[in-house]
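**Student:** Got a structure here, written out as structure tokens. Questions coming.
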């Protein structure tokens, strides 16, 4: 039995991921940057990804395909909203089709710009990957015990995790 830590609730896992659509096209990847760091069992990643990571250790490569409803949900054509530009990033110049972070009371949310006015922007609230079956290729880089402060906050601090400002 290996003494290496396995991914389990309240442990920090750092991993690289690659998201591919049904036609095997890459949509997003961390393999050319810093790995993501999350606290297992706290809903910081999709449930299916969290379940796939469970029980694995550093060096493991795993993959899971999630149906749209288990990934970012089905697309809702009526899920649009008009928001003040102050809730969107100042730069770059907003254009229809851009994916940007909308600042909400619940935190940042990825939205797609539909129409840009002088003071308001119409956005699509669906996640850009909504309505798609997605494959997540995962490579576990590190598993460690969470620090007491991380446990009390329910998220990872430092590289790849949350930064308090």
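Taken together, the values in this text are just the output of simple stated rules run on the coordinates, not laboratory data. Since the structure is predicted, the reported quantities are computational estimates derived from the model, not experimental observations. Don't worry about glycine lacking a Cβ; one is built from the backbone with ideal geometry, like all the others, and counts go over all protein chains shown.
**Student:** Quick check on packing: order 57-65, 123-131 by the mean number of other C-beta atoms within 10 Å, highest mean leading.
**Tutor:** 123-131, 57-65
**Student:** Could you work out how much longer the chain between residue 90 and residue 142 gets when fully extended? Use 0.36 nm per residue separation minus the Cα distance between them, nm to one decimal. Mind dumping the intermediate values first?
**Tutor:** Values: separation 52, 0.36 × 52 = 18.72 nm, distance 3.55 nm.
So the chain would gain 15.2 nm between residue 90 and residue 142.
**Student:** Label residue 47 and residue 149 with points 7 Å out from Cα along Cα→Cβ: what is the distance between them in nm?
**Tutor:** Label at residue 47, label at residue 149, 3.3 nm between them.
**Student:** Would you kindly state how much longer the chain becomes between residue 4 and residue 77 on full extension, computed as 0.36 nm times their sequence separation minus their alpha carbon distance, in nm to one decimal? Walk me through the numbers on the way to the answer.
**Tutor:** Working: separation 73, 0.36 × 73 = 26.28 nm, distance 4.66 nm.
That works out to 21.6 nm of additional length.
**Student:** Sticking with this one: Which FRET efficiency, nearest 0.05, do residue 61 and residue 104 yield, Cβ-Cβ r, R0 30 Å? Don't jump to the answer; show the numbers that get you there.
**Tutor:** Values: r = 35 Å, r/R0 = 1.16.
Rounded to the nearest 0.05, the efficiency is 0.30.
**Student:** Here's something else I'd like to know. Would you compute, from DSSP H runs of 4+ residues alone, the mean residue ellipticity of the chain at 222 nm, taking -39500 (n - 2.57) per run and dividing by the full residue count, rounded to the nearest 500?
**Tutor:** On the way: 2 runs with 13 residues, N = 165.
Only helices count here, giving -2000 deg cm²/dmol.
**Student:** While we're on this one: Can you classify segment 55-101 as rounded, prolate or oblate using the Cα gyration tensor, where a ≥ b ≥ c are the square roots of its eigenvalues, rounded means a/c under 1.5, and otherwise it's prolate if a/b beats b/c and oblate if not?
**Tutor:** Cα axes put segment 55-101 in the oblate bin.
**Student:** Could you put 98, 39 in order, starting from the residue whose Cβ has the fewest other Cβ atoms within 10 Å?
**Tutor:** Neighbour counts put them in this order, fewest first: 98, 39.
**Student:** Let me make sure I get this right: for segment 80-124, a, b and c are the square roots of the gyration tensor eigenvalues over alpha carbons, sorted descending. Under 1.5 in a/c it's rounded, otherwise prolate if a/b > b/c, else oblate. Which is it?
**Tutor:** Rounded is the answer for segment 80-124, as its axis ratio a/c remains below 1.5.
**Student:** Same structure again: Once you've got the GNM for the chain with C-alpha springs shorter than 10 Å, pick whichever of 40, 101, 132 has the biggest mean-square fluctuation.
**Tutor:** 101
**Student:** Turning to a different aspect of this structure: Picking from 77, 122, 21, which is most flexible by a Gaussian network model of the chain using Cα springs under 10 Å?
**Tutor:** Per the Cα network of the chain with a 10 Å cutoff, 77 tops the list.
**Student:** Output the direction-averaged projected area (hull surface divided by four) of the convex hull of the alpha-carbon atoms of segment 16-102, in nm². The partial results should precede the final answer.
**Tutor:** On the way: hull surface 32.8 nm².
About 8.2 nm², averaged over all directions.
**Student:** Please work out how much length the chain gains when fully extended from residue 54 to residue 31, using 0.36 nm per residue of separation minus the C-alpha to C-alpha distance, in nm with one decimal.
**Tutor:** Numbers: separation 23, 0.36 × 23 = 8.28 nm, distance 2.05 nm.
Roughly 6.2 nm would be gained on extension.
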